[in-house]
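The values are calculated or read from the model by the stated rules, or taken from the named source; none is laboratory data. None of the values given here were measured: they were computed from a predicted structure. Neighbour counts run over all protein chains shown; Cβ positions are idealised from the backbone, glycine included. Surface accessibility is based on the protein's heavy atoms, side chains included, excluding ligands, DNA and RNA. Shrake-Rupley method; radii C 1.70, N 1.55, O 1.52, S 1.80 Å.
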Amino acid sequence: KKKVSSARVYVTSLGLYQLFLNGEKVSNDLFTPGWTSYKTRVQYQAYDVTSRIKTENTIGAIVGDGWYRGNIGWGNDDGYYGNKIALLAQLQLNYTDGSSELVCTDGSWKAATGPILASDIYNGETYDARKEMPGWCTPAFNSSSWENAAIFDHPKSMLIAPQGVPVKAIEEIKTLKIFTTPKGETVFDLGQNMVGWVRLKVQGKAGDRVTLRFAEVLDKEGNFYTDNLRAAKATDVYICKGNGTEIFEPHFTFHGFRYVAVEGLNNPAPDQITGVVIHSDIEPTGSFSCSDSLINQLQHNIQWGQKGNFLDVPTDCPQRDERLGWTGDAQVFSPTAAFNFNV
């Protein structure tokens, strides 16, 4: 309404959120608001959006199940913390004349489902690009067909500031080679056991499906091995919209893997799969090398093991239907963790 001197947005969710302002993500933080004991503590994030405020503005969010409502533990159960996902946001506008205004989530907000058909940390994400709504979080978008958001009465006394550094996409890994297993599966080898996901580049007709499955190792015959994942499906599915080159990265899932079995790509090329490494944005503090290449490789493995298991909380494994914050594992590893990174 007036000239803005500063603007800050406070946001959290039951589930996981990605926040957008005028068509762009507000932050590169991942898996926000982070994993806490949601029945007693829920973190919120604060972001300075002063430079992004225009004359007309639209704020929106994508909200997914995450740890809150998705599969967690070993029972293949969902909804451990709750059955309804929700968003809470507050945009504070400070004007140059000294006045201020709050824009908050309320019953005037609109809600709809989009191209993410399913998203689960253990099982992966299914994304139908044909259901995309271009410009859905811009002022020009017509949301008249969307429903009014439902108000969720939930205590606010449990809100806390973040307790650690955010999760981010830290580095990228190119495909080392593509090969066919004895069973005839097409497999991309990234050459490094990593945690995150892959960026898929594909061209196809509307409705074409590309299925991505993830594994850490091959079996003794050289076939794709997923028995160690137990019940975790660890599978991403992308359904093409049929519009030239399409790029896909999942939103609310991650995998522990080196190998990616791909179905639905014709004449696969190495640049169609890029590994995106994610972990808590911890600062490296210690390094070690010596004249023995095996010991150096061990240190390399330890560092990658730490990056793969520091995803908001220290976990015991990043790939199967577990990924839980065991204090036993973290307690034993804590001196090494503190040597390698500022934790």
The listed residue being open to solvent by less than 30 Å² (accessible area, probe 1.4 Å) and more than 29 Å from PHE248 (Cα to Cα), out of GLY308, GLY275, GLY286:
GLY286
Output the residue which, of all residues in the range 63-101 that are open to solvent by 40 Å² or more (accessible area, probe 1.4 Å) and hydrophobic (A, V, I, L, M, F, W, C), is nearest to GLN18 (Cα to Cα).
VAL63
How many residues does the range 273-302 hold that are over 27 Å from GLN163 (Cα atoms), of a type in the set (A, V, I, L, M) and in contact with a Phe, Trp or Tyr (Cβ under 7 Å, 6 or more places away or on another chain)?
1
If you take just the strands (runs of 3 or more DSSP E) that sit entirely in the range 1-53, which of them hold at least 2 residues that are in contact with a Phe, Trp or Tyr (Cβ under 9 Å, 6 or more places away or on another chain) and open to solvent by 50 Å² or more (accessible area, probe 1.4 Å)?
4-14
Mind telling me which of the residues TYR80, TYR68 ends up being part of a helix (DSSP H, G or I), out of contact with any helix residue (DSSP H, G or I) (no Cβ under 7 Å at 6 or more places or on another chain), within 25 Å of THR315 (Cβ to Cβ) and of a type in the set (Phe, Trp, Tyr)?
TYR68
Screening SER51, SER13, SER108, SER5 for residues that are modelled with pLDDT of 95 or more, in contact with a Leu (Cβ under 6 Å, 6 or more places away or on another chain) and not basic (Lys, Arg) leaves only SER13
Per-region count, the range 307-343, residues over 25 Å from PHE288 (Cα atoms) and either in contact with a Cys (Cβ under 8 Å, 6 or more places away or on another chain) or polar (S, T, N, Q) (or both):
3
